[in-house]
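The block underneath contains the structure these notes are about, expressed in structure tokens.
The values are calculated or read from the model by the stated rules, or taken from the named source; none is laboratory data. Every value quoted in this text rests on a predicted model; they were computed, and no experiment measured them. Neighbour counts run over all protein chains shown; Cβ positions are idealised from the backbone, glycine included. For the accessible areas, the whole protein counts, side chains as well, though only heavy atoms, and no ligand, DNA or RNA atoms are used. Shrake-Rupley method; radii C 1.70, N 1.55, O 1.52, S 1.80 Å.
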Amino acid sequence: MSGARQFSLAALPVTPWRNGGGVTREIASVPRVANGGDFAWRASIATIDRDGGFSPFPGVDRSITLISSDGVILDHGQGVRHALVQQAEPYAFSGDDAIQATLAGGASQDFNIMTRRGEWQAQVQALSAAQTLPAGQSGVLYILSGDWQLTDGASDAPPLRLGPSQGVWWHLCASAWRLTLATPQGLALWAHIGPFGRP
């Protein structure tokens, strides 16, 4: 499928956090046009192994979604806390915040999206039924359960088949795609990413 880059969790490179509190498996990091040293948007899957602080990302908007385990409690300070304990419920916050994470149980695995504020924007949602993915946008799909098929509306190519712990990402794809569920039930995460101020 043109423009789609397929991945599996098991094959993603593993990078330990500098503070030793977990590891990151990077899915994609798209550079800014004006500054190749920074990312325009970034997607990853992180495993949080112990309590500790998140690294700050000034000027970046973030979204984190629990994939597995009991989740974490995110403390922004000044009495602002969020319990990230429900699978597939995204939580958006500023990368400027100094967040302390406390495990609610065992190690937590999370789907993470970062976008450069004022340049790119992202909306993460859980899917349990067919969805059209619009043309001219970027995005990431990650399958939590079920078997799914992704079809390119502008091509006769066979559909791309995706199962649990697999996914696909794309950047400014020209054609619209159709995501369908091939099993009675399933759950997927879709990060819809596009230039700031555009639907």
inquiry  = Give me the base-10 log of I(q)/I(0) for segment 126-199 at each q in 0.14, 0.19, 0.25 Å⁻¹, Debye formula, one uniform scatterer per Cα, rounded to two decimals.
reply    = -0.40, -0.73, -1.18
inquiry  = Can you tell me the mean projection area, over all orientations, of the convex hull of segment 91-137's alpha carbons? Units nm², please.
reply    = 5.4 nm²
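If I compute solvent accessible area with a 1.4 Å probe over the protein chains, what percent of it on segment 45-113 is carbon and sulfur? Could the numbers behind the result be given before it?
Values: 1410 of 3040 Å².
Carbon and sulfur: 47 percent of the exposed surface of segment 45-113.
Take 68, 44 and sort them by solvent-accessible surface of the protein heavy atoms, 1.4 Å probe, largest at the top.
On the way: 68 50, 44 10 Å².
Descending order: 68, 44.
With a 1.4 Å probe and all protein chains left in place, how much of the accessible area of segment 114-199 comes from carbon and sulfur atoms, in whole percent?
That share works out to 52 percent.
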Translational diffusion of segment 77-116, µm² s⁻¹ [Kirkwood Rh, Cα pairs; Stokes-Einstein; 4 °C; 1.567 mPa s] = 107 µm²/s
note = Given 4 °C, 1.567 mPa s and a Kirkwood radius over Cα pairs, the Stokes-Einstein diffusion coefficient of segment 1-80 in µm²/s is 87 µm²/s
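Percent relative contact order of segment 81-193, based on C-alpha pairs within less than 8 angstrom and at least six residues apart?
Numbers: 200 pairs, mean separation 37.5, N = 113.
Relative contact order of segment 81-193: 33 percent.
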key: Simple label model, 7 Å out from Cα along Cβ direction - residue 161 to residue 85, nm   = 3.9 nm
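With every protein chain kept in place and ligands, DNA and RNA left out, what is the accessible area per residue of the chain? Probe 1.4 Å, answer in Å².
Details: 9380 Å² over 199 residues.
Ligands and nucleic acids excluded, the figure is 47 Å² per residue.
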key: trypsin sites (Lys or Arg not before Pro) restricted to DSSP loop in segment 8-93 with at most 10 other C-beta within 10 Å   = 18
Scattering curve values for segment 54-109, log₁₀ I(q)/I(0), Debye with Cα scatterers, q = 0.17, 0.21, 0.26, 0.28 Å⁻¹ = -0.51, -0.77, -1.10, -1.21
ask   = Given the C-alpha centroids of segment 9-57 and segment 180-197, what is the distance between them in whole angstrom?
value = 21 Å
task = Would you mind computing the Rg to Rh ratio of the chain from its alpha-carbon coordinates, Kirkwood style for Rh?
result = 0.96
